[in-house]
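Colleague: Handing you this structure, nothing more for now.
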Amino acid sequence: MPLFTADALILRTYAFGESDRIVVFLTRDRGKKRGVARHARKSRRRFGGGLEPMTCGRVSYRERERQELVFLEDITPVLSPLRVPASEDDALGHVSYFAELIDEWAQENDPSETLYRLGTSVVEALVAGVGVESLARYFEYWLLRLQGVY
């Protein structure tokens with residue numbers, strides 16, 4: 001099983017068993033992946049806050065041939081929407097909205113650097129304190145444009 005390291009945007013997580021989590025993440029060069037983060041629910045030491053939606057970071061994972069799920073080894077968060085200024089009360093509610101839209105539009109194992117860059121730029125804007133309503137319209141417009149709908 002080769003070890004891959006990539007810049008990634010965490011989209012969502014699901015509980016899996018008693019101690020594991022299924023993590024959906026978008027990488028710049030390998031597309032959307034689904035993986036198992038072992039013991040992520042029991043121990044905060046290895047993953048910490050790196051599994052929160054729309055967290056940008058460096059992900060290490062192992063991938064087996066002909067298997068849908070990868071094994072998430074480590075994540076080093078670089079930028080997190082949890083650093084949003086306190087004046088933006090609505091921002092964290094919109095974070096899950098942005099993550100859900102990217103998850104729906106991204107294709108499995110299909111690299112989309114433009115979609116990845118859109119997601120990271122939205123997180124950067126949120127952390128910088130840009131207004132959430134105008135940012136949401138900007139995100140929706142560019143998502144539709146990048147996907148060829150608009």
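The values are calculated or read from the model by the stated rules, or taken from the named source; none is laboratory data. Model, not experiment: these values are computed from the prediction. Neighbour counts are summed over all protein chains in view; Cβ atoms, including those assigned to glycine, are modelled from backbone coordinates with ideal geometry. For the accessible areas, the whole protein counts, side chains as well, though only heavy atoms, and no ligand, DNA or RNA atoms are used. Shrake-Rupley method; radii C 1.70, N 1.55, O 1.52, S 1.80 Å.
Colleague: With a 10 Å cut-off between alpha carbons and a GNM built on the chain, which of Ser112, Ser134, Ser19 moves the most?
Modeller: Result: Ser134 has the largest fluctuation of those listed.
Colleague: If R₀ is 35 angstrom, what is the calculated FRET efficiency for the pair Leu92 and Met1, using the beta carbon separation as r and rounding to 0.05?
Modeller: Working: r = 36 Å, r/R0 = 1.02.
It comes to 0.45.
Colleague: For the chain, which longest stretch is free of loop sites, where a loop site is one of the GluC sites (Glu not before Pro) that DSSP puts outside H, G, I, E and B and that has at most 13 other Cβ atoms within 10 Å?
Modeller: The reported range is 69-150.
Colleague: If you don't mind, another one. So, with +1 on the Cβ of K and R and -1 on the Cβ of D and E, and no other charges, what is the size of the charge dipole of the chain about its Cα centre, to the nearest 20 debye?
Modeller: So the magnitude is around 620 debye.
Colleague: Please report the antiparallel percentage of DSSP beta bridges with both residues in the chain, rounded to the nearest 5.
Modeller: Roughly 85 percent of the beta bridges in the chain run antiparallel, per DSSP.
Colleague: Hey, another quick one. Need one value: the accessible area of His39 in square angstrom, 1.4 angstrom probe, rounded to the nearest 10.
Modeller: 110 Å²
Colleague: Another question, then. Over all directions, average the projected area of the Cα convex hull of the stretch 1-45 and note it in nm².
Modeller: Projected area, direction-averaged: 3.7 nm².
Colleague: Further, regarding this structure: Computed from the mean reciprocal separation of all distinct C-alpha pairs, what Kirkwood hydrodynamic radius does the chain have, in Å? Before the final figure, lay out each step's value.
Modeller: Values: mean 1/r = 0.0641 Å⁻¹.
With all distinct Cα pairs of the chain included, I get 15.6 Å.
Colleague: Expected output is a single nm value to one decimal: the length gained when fully extending between Thr114 and Phe16, i.e. 0.36 nm times separation in residues minus the C-alpha distance. What is it?
Modeller: Roughly 32.2 nm would be gained on extension.
Colleague: Another one. Given the rule -39500 (n - 2.57) for each run of at least 4 DSSP H residues, summed and divided by the residues of the chain, what is its mean residue ellipticity at 222 nm, to the nearest 500 deg cm²/dmol?
Modeller: One gets -10000 deg cm²/dmol as the mean residue ellipticity at 222 nm.
Colleague: Moving on. When the dipole is taken about the Cα centre of the stretch 72-144, and only Lys, Arg (+1) and Asp, Glu (-1) are charged at their Cβ, what size is it in debye, to the nearest 20?
Modeller: Roughly 320 debye, rounded to the nearest 20.
Colleague: Rounded to the nearest 20 Debye, what is the dipole magnitude of the stretch 1-90 about its Cα centre when Lys and Arg each give +1 and Asp and Glu each give -1 at the C-beta?
Modeller: Numbers: 18 positive and 13 negative charges, 77 e Å.
The calculated dipole for the stretch 1-90 is roughly 380 debye.
Colleague: Nearest 0.05, what FRET efficiency do Arg64 and Glu124 give at R0 = 35 Å with Cβ-Cβ as r?
Modeller: 0.55
Colleague: Around Lys32, which amide H atoms from residues at least 5 apart in sequence, or from another chain, sit under 5 Å from its own amide H, with H modelled in the peptide plane?
Modeller: Thr27, Gln107, Asn109, Asp110
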